Amino acid sequence: MTRRPTIILVIIALLLAGIALIVSFRPSKPAPTFAPLLSIQPSDVQAITLTTPDGPGFRAERTVTAGVPGWMQTDPIEYPLRRMDVDNIILTLLALQPVESFVMPLEDFDLAPPLLTIAIPDQPSIHLGRRTMAGRAAVQLGDDPTIHIVDDALHAKLLDTDPVAWRLRRLFDNLSVDLSRINIEWTDGQAVRLARLSGRWHLTHPAGVPADRAAVGSLLAALIESNLHVFILDRPDDLSQFGLDAPIVTVTVETDRRRVDEKSEVRHTTDRQILLIGSPANVSGDTRFAKRAGRDVVVTVARSFVEAFAVPVTALVDPRALAAPATDVASIECSVGEASIMLRRTLDGWIVEGAQRDAVTDADKLAAATLAMLIDAPADQVIITGDEGADSTATVTVRDYRGADIGWYELSLRDDGATVLFDPVAGVTRIYARAFPMLDSLR
């Protein structure tokens with residue numbers, strides 16, 4: 001009685017094992033694979049247009065500005081875009097690859113009409129429908145009724161983000177230390193003009209004088225690195241509500257560029273960018289409205305950015321009297337009335353010439369002290385006095401090895417012993433808390 005059931009169980013186990021073995025050796029059917037919806041290279045995409053059933057359109061085009069490739073929003077306004085953001089959208093679009101395709105009513109997937117349509121020149125449009133489960137979404141290619149289920153990464157980039165977020169936030173485009181000129185004009189008529197001449201920055205208005213390197217460096221940093229605060233309004237109807245019809249300050253930056261055209265001819269161009277700064281944007285005054293000339297967009301900028309241009313003009317003046325290096329100086333002459341003394345450089349060091357030469361015991365030491373005051377020591381005070389200085393008691397002339405004047409100054413001593421050094425060419429007076437070294441030999 002017990003042997004028969006055992007035999008039956010053994011037979012059943014053998015049958016099941018055989019079925020399992022047969023199934024394990026049966027080749028599995030491969031899952032269907034789909035090609036990408038668009039078979040082009042990212043570099044082939046020269047423009048992209050986004051449209052919604054009821055919203056404004058958006059169009060971006062590839063551009064090259066000052067030799068730098070990028071993307072420019074061209075509709076509904078012109079505004080430069082962050083290249084990385086648009087490139088990422090293009091890459092995500094071209095990576096669209098269906099995991100499933102079928103034909104069903106388009107309205108069941110929000111494709112009639114679509115949530116968004118993407119158009120690329122010479123390519124079928126991509127229509128975005130609703131998202132499905134597990135990070136998937138529906139798309140339609142052109143007029144083909146087939147619905148494709150794809151990863152929803154493109155939906156996230158385009159439907160969850162306002163295209164305004166792709167705009168560049170730098171206040172100025174492609175600025176660098178190669179900037180050529182900076183003009184700052186305030187509404188009260190005050191103006192400051194700076195220019196880079198022979199590789200060095202100079203103040204050209206209200207005085208013509210070498211500029212202080214540190215001060216100009218801070219100004220350049222503010223221009224090159226500062227971002228706008230917030231985008232406020234595209235295509236404003238009335239600039240007066242932002243104080244931009246009469247801005248408190250206008251900042252103009254210019255960059256001279258040289259290029260060789262296709263005919264091997266040298267072309268010189270100037271890129272000019274103008275920023276208008278208007279009224280405070282909030283009660284605390286932490287931000288102000290601003291607008292780039294030629295761009296129909298109102299933004300805000302931080303108060304700290306505006307304050308970078310509000311420095312006293314004297315702070316932009318090089319506090320050192322002589323811009324030439326000490327090695328370029330061949331002679332220094334100081335005159336008081338008919339009396340004069342001259343320090344002249346020779347191969348063996350400095351020598352003294354003039355009627356008062358006997359008053360100098362160490363020419364090298366006197367020359368070193370005089371050059372230190374003119375070239376190395378910053379003035380304790382700088383005043384822009386125009387073409388009239390204080391009454392002078394002496395003159396100082398500095399010459400190079402050709403005998404050309406590289407510095408000429410009118411000098412006077414105050415009762416407190418301070419030296420007042422007036423540069424009539426630049427219209428700048430520098431005041432030093434100590435006496436001019438060569439004067440002692442003429443007293």
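FYI, it's all coordinate maths here, none of it is from the lab. It should be emphasised that the depicted structure is a prediction, and the values quoted were computed from it without experimental measurement. So basically every Cβ, Gly included, is an ideal-geometry build from the backbone, and we count neighbours across all protein chains shown.
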field: Cβ-derived FRET efficiency at R0 60 Å, Asp178 paired with Asp358, nearest 0.05
entry: 0.65
field: In nm, spacing of pseudo-spin labels at Asn282 and Ala165 (7 Å Cα→C-beta vector)
entry: 2.1 nm
message: Run the reach check for Lys365 against aspartates and glutamates, Cα to Cα strictly under 19 Å, same-chain hits fewer than 8 apart removed. What comes back?
response: Asp328, Glu333, Asp348, Glu353, Asp376, Asp440
- line: On the formula 1/(1 + (r/R0)^6), with r taken between the Cβ atoms of Asp245 and Gln381 and R0 of 45 Å, the FRET efficiency rounded to 0.05 is 0.70
task: Take each uninterrupted DSSP H stretch in the chain, measure its Cα extent along the helix axis, and return the ones at 15 Å or beyond whose mean Kyte-Doolittle hydropathy is at least -1.0.
output: 3-25, 83-94, 213-225
message: To make sure I understand, if each residue's beta carbon is the centre and we count other beta carbons within 10 Å, what order do Lys157, Lys263 fall in, fewest to most?
response: Lys263, Lys157
task: At 7 Å along the Cα-to-beta-carbon direction for both Val103 and Ser39, put a label point, then send me their distance in nm to one decimal.
output: 2.2 nm
query: trypsin sites (Lys or Arg not before Pro), restricted to the stretch 67-144: which are DSSP loop and have at most 11 other Cβ atoms within 10 Å?
result: none
- request: Specify which labelled value, from (i) 24.7; (ii) 28.9; (iii) 25.6, agrees with Kirkwood radius over Cα pairs in Å derived from the coordinates of the model shown.
  value: (ii)
statement: Net charge (Lys, Arg +1; Asp, Glu -1) of residues whose beta-carbon lies under 12 Å from that of Gly285, Gly285 excluded, is 0
- request: Mind sorting Tyr409, Tyr401, Tyr79 by how few other Cβ atoms lie within 10 Å of their own Cβ, fewest first?
  value: Tyr401, Tyr79, Tyr409
- prompt: Using the alpha-carbon centroid of each, what span in Å lies between the stretch 87-165 and the stretch 352-413?
  reply: 77 Å
query: Tally Lys and Arg at +1 and Asp and Glu at -1 over the other residues with C-beta under 12 Å from the C-beta of Trp71: what net charge comes out?
result: +1
- prompt: Fewest to most neighbouring Cβ within 10 Å: what's the order for Glu78, Glu107?
  reply: Glu107, Glu78
- prompt: Where Lys and Arg each count +1 and Asp and Glu each count -1, what net charge lies around Thr327 among other residues with Cβ under 12 Å from its Cβ?
  reply: -1
